[in-house]
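To start, the structure under review is shown below, and the notes come after it.
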Amino acid sequence: MTRTILGFILVALGLAALAFLPTQLGAYGVGLLLGMTGYVVLASAWALFSGPTRYVSLATVAFFGIGAYTVAVLSEALPYWAVLLVAAGIGLCVALVVGLATLRLAGVYFVIFTFGLAELIRQLVTWYEVNVTGTLGRYIFLPITAEQIYWQLLGLAAITIAIGWFISRSRLGLALKVIGDDETVAAHTGINIAGVKLALFAVSATIITLVGAIQAPRWTYVEPSIVFNPTISFLTLIMALLGGANRLWGPALGAIPLFLLFEWLSANFPNHYSIILGLLFIAIVFVVPRGVLAGAEDFWKRLRSNGEAA
Amino acid sequence: MTLYSRRTTLRAIGLAAALLAGAGSMAVIAQDTGDRTSVKIGYAISKTGANAGGAGITTLPNYQLWVHEVNGAGGLEMPDGSRLPIEVIEYDDRSASEEVVRAIERLATQDNVDFILPPWGTGFNLAAAPLFDRFGYPQLAVSAVTDKAPEFAARWSKSFWMLGGGHDYTEALADILTDQHEAGTINNDVAVISVADGFGIDLITAARQSFADAGINLVYDVTYPVGTTDFTPMLNEAAASGADTFVAFSYPPDTFALTQQAQVAAYNPKVLYMGVGVGFPVYAANNGDKIEGIMSLGGIDITNEAVMEYRARHTEFIGQAPDWWGSVITYNSLQMLEEAIKRRGLDREAVAEELSNGTFETVLGEVKLEDNQLRTLWFGGQWQDGNFVAVAPSDREGAVAPRLPKAPWPAQ
Amino acid sequence: MITTLITGLVLGGTYALVAMGLTLQYGISRIMNLAYGEILIFAAFAAFLLFSTLGINPILGLAIVLPLAFAFGYLIYGVMMQPLVARSKKSGTLEVDSILATFGLLFVIQGVMLVVFGSNYTSYNFLNTGINVLGTNIAANRLLAFALAVIIGATLFYVLTRTRWGTTIRAIAVNPDAAPLVGIDVNRTARFAFALGTMLAASGGVMISMYQTFNASMGVVFTMKALVIVIMGGLGNLMGALVAGLLLGIVETLVATHVDPGLTLAATYLLFLGVLLWKPSGLFGKAAGR
């Protein structure tokens, strides 16, 4: 137990250090931190649902976009905190409706369904804006600095990881492990599979919606093709899988290096960015197939067993 | 928590800290001191992703051409007559607005560039505008058509808007249509389709107003989603509407498809006006003589020798001709920047002021901005004998009379 | 109404043509190939190059492009996918692994195309003449794509249902674990199906290059459209892909004509989501769920 407390203290210290970091960095450094933290939250939230259930979701950008768009629509009408609440509420409702509808889908059907969902929402928003409001782009003029966005995201990251930690320790976590391994067994043990999945999906989607809402003031101009950019879904997925979606810190550990790598590549190899990135992905699949964390664990185990043998 | 996962956790934190420290140290790069040997100019442009097609025609080739020419002449001229070569820092924004924002922050605070050239597209220029403003860089936004340009120029004092607003183009079109109607060439009905994206929406919104003001009937008015490939249903409906004029506020792939499909459907409106892409070199190359009489935004005064010479240089260096609308404006904006630097040096505040108030001799002739906006633009053009010539505004020197009605497609 | 139906069918022909290769790859080789659209675009560029520099018309160009595509698919499966398949026998992670690996492949091919062909929109005109079909003018090149889709669909359907080899393939699609028990070399068949799928992607690319503008970044659009159709038709079900593709074309044209062109894509996804909820394994799928 003392070890757990020690862990908490360490995490708290780490958070404090991270929160302090912007004062030491220039605007670019803050922007980098902000983007990185954004993806840490996205990947962690994605893994909350997709890690244990093994449902690969591409709906990330649907919720991200809903969050950003809500801010764009309501930023003039409501105080900022109320806008965030509304955004989270909308994300939650959509997630519940979608979750109820998709519970019976599995495997690749779910993957494509979630992708279709993101595109459907984008098309409907576009159609509504064009035909009902008569404009497409919206402007967000909120006096929120990059530092403030970063702190909000950092807070959200802490909450997300705390939720993940809490779930992994609770009875729910055990239930999830069983679902991931074998749904039939899970059903026989009396676990309410549908309820657990729905709850997780809703929590994960709400957090993702909040990321979109918090990041929106970064861009002055918002339009559907900007906030519903499917690349966000793919990047989130890749980051979480790289780190290991079943580990608490896995998604974060996937997001940080990948994000920095993208940045470095696009700065230094703008013409060959795609090729290098693609080759790296392929290399990742072959070298660390179960995510960096699991790979590191295997390596560690091997080291130790070698040491004991010697 | 088991012993095992705590280890993992601790290691994870350690790794995270190391990475962050790495990121931090990257941020603290010494500013360049001593005598400068170059002028750093940076830009973020969509080299990949959805916007690459547009950026690769109107914006990037002109940046490359300009840098090539300036450095070929020994570099940018300073007020004291010395020359400093341009050092380019280029990023790919991957057609994502978050990347644009970060790339510009990086250029301004990390690379400490002297000037930043704007990204491609209305949305990205708007996303970038507050940053240009905050870091004190002048922004010569070319590939951004927006009716809010006056508002933006007032909000961000160092932003310059070079391509007009939607209503400029639609009013010019309405004028042409009214003239032709009065001359008895066409009826007073117009069928319009528009792409459901920034450009299309801006123009159709303006067009509804302009057409209503001019007393033109909008008999068919629909929008279609980005990525539509089959326009046959819309062309059929437009033909059935009986309008003599067909207008499409379209993106390049749509424009190309519409041109082909209108031929197949043997749809022959007397006025055929389409959006982005009509002025692209590939459009003329693919469609040969069939482009005769097709109208669009932009246009070139082909009697202007400087412009025609620029087109030849562009074709030679890039390997393809520039488009007939935005390219020359982009090049013009770079010449203005070059001249402003020559007059005022590398002080961005002074350069912005010079851009705002100065008069410049560029490829377009004598140019002076009004309220930070370029207003001496061609708002309508038509393909005539292999050139996309300017027809509107008709009272401006160099304008050619439109040849209407457009001849039917050649028999197949 | 007839005009709408014919236009819709022809549009659907293109969709079906694009989707059939993917259904082979996913249904039989179990590879969720996210780089599918990139291969298609690459073939479109190849057809364009052959046409514009050597003057070889795209239909003859097929004879050059298709064997190359087949060889490429065969190679990619052997080098990249085989190790993943072998590995997944133990871990059962083929789905995620193939998504990641082909996602990487997508970037590589796209990057190569950007370097080689640049980012500009490309298009050329070939066979863009109207042909009168029951009173409706249809572009000859689209009609050709439609005919090719129907021919390929019918041929493969015949092969799959009437030949021994076809039975083998279907056996793998239904139950890859049991197939070796009856003496089927799963690996070889999967590799062949993957290469065949790549070839179909290339044929779609060549056809599309005749009437559609493309650029190096557009592949993912085709991948997604194809995925939607494949899922709707039922995984690995060629007939399903053909019918779902045609259906989608008709629905889009109907919506564009009678409802609002602005809602065509929304209608596509709505139809797709509806089918998925109503019959999770696709219109023609038999197995429930996974």
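The values are calculated or read from the model by the stated rules, or taken from the named source; none is laboratory data. If you're wondering where the values come from, they're calculated on a predicted model, not measured in any experiment. All Cβ positions, glycine included, derive from the backbone under ideal geometry; neighbour counts span all protein chains shown.
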* Asked: Among the residues of region C:168-191, is any surrounded by 22 or more Cβ atoms within 10 Å (Cβ to Cβ), within 14 Å of the chain's Cα centre (by Cα) and not acidic (D, E)?
  -> no
* region B:63-91, residues that are surrounded by fewer than 24 Cβ atoms within 10 Å (Cβ to Cβ) and within 10 Å of chain A (Cβ to nearest Cβ) -> B:I89, B:E90
* Asked: So which residues in region B:180-205 are at the interface with another protein chain (Cβ under 8 Å from one of its Cβ atoms) and either out of contact with any Ser or Thr (no Cβ under 8 Å at 6 or more places or on another chain) or of a type in the set (S, T, Y) (or both)?
  -> B:T205
* Asked: Filtering region B:224-254 down to residues that are more than 27 Å from A:L120 (Cβ to Cβ) and crowded, with 24+ Cβ neighbours inside 10 Å, which residue is farthest from the other protein chains (Cβ to nearest Cβ)?
  -> B:T245
* To do: Name every residue in region B:199-223 that is surrounded by 24 or more Cβ atoms within 10 Å (Cβ to Cβ) and out of contact with any strand residue (DSSP E or B) (no Cβ under 6 Å at 6 or more places or on another chain), in order of residue number.
  => B:F199, B:I201, B:D202, B:A207
* Tally, over region B:105-122, of residues that are more than 9 Å from every other protein chain (Cβ to nearest Cβ) and either surrounded by fewer than 24 Cβ atoms within 10 Å (Cβ to Cβ) or of a type in the set (V, I, T) (or both) -> 5
* For A:F166: the one exception among (1) modelled with pLDDT of 80 or more; (2) surrounded by 15 or more Cβ atoms within 10 Å (Cβ to Cβ) -> (2)
* State whether the residues of region A:50-59 include one that is within 12 Å of the chain's Cα centre (by Cα), within 27 Å of A:R169 (Cα to Cα), in a helix (DSSP H, G or I) and within 14 Å of chain C (Cβ to nearest Cβ). => yes
* Residue list for region A:113-145, filter: surrounded by fewer than 19 Cβ atoms within 10 Å (Cβ to Cβ) and within 8 Å of another protein chain (Cβ to nearest Cβ) -> A:L124, A:N131, A:G134, A:T135, A:Y139
* **Residue match in region B:35-53 (condition: at pLDDT below 75 and over 24 Å from B:L131 (Cα atoms))** => yes
* Might you let me know whether region A:88-96 holds any residue that is at pLDDT 75 or above, at the interface with another protein chain (Cβ under 10 Å from one of its Cβ atoms) and touching a helix residue (DSSP H, G or I) at 6+ places or on another chain (Cβ under 7 Å)? => no
* Only residues that are part of a strand (DSSP E or B) and of a type in the set (S, T, N, Q): list them for region B:325-361, please. => B:T359
* Asked: Given the structure, is B:V328 in contact with a Pro (Cβ under 8 Å, 6 or more places away or on another chain) and β-branched (V, I, T)?
  -> yes
* Within region C:236-245, can one find any residue that is at the interface with another protein chain (Cβ under 7 Å from one of its Cβ atoms), crowded, with 24+ Cβ neighbours inside 10 Å and either hydroxyl-bearing (S, T, Y) or in contact (Cβ under 8 Å) with a residue 12 or more places away in the chain (or both)? -> no
* Only residues that are touching a Pro at 6+ places or on another chain (Cβ under 7 Å) and within 10 Å of chain B (Cβ to nearest Cβ): list them for region A:243-262, please. => A:G243
* Structure fact -> Among the residues of region A:16-38, the number that are in a helix (DSSP H, G or I), within 10 Å of another protein chain (Cβ to nearest Cβ) and either in contact (Cβ under 8 Å) with a residue 40 or more places away in the chain or buried (at least 17 other Cβ atoms within 10 Å of the Cβ) (or both) is 13
* Asked: Of all residues in region B:283-323, which are assigned to a loop (DSSP other than H, G, I, E, B) and either within 22 Å of B:D168 (Cβ to Cβ) or of a type in the set (D, E) (or both)?
  -> B:E292, B:I294, B:L297, B:G298, B:G299, B:D301, B:I302, B:N304, B:P322, B:D323
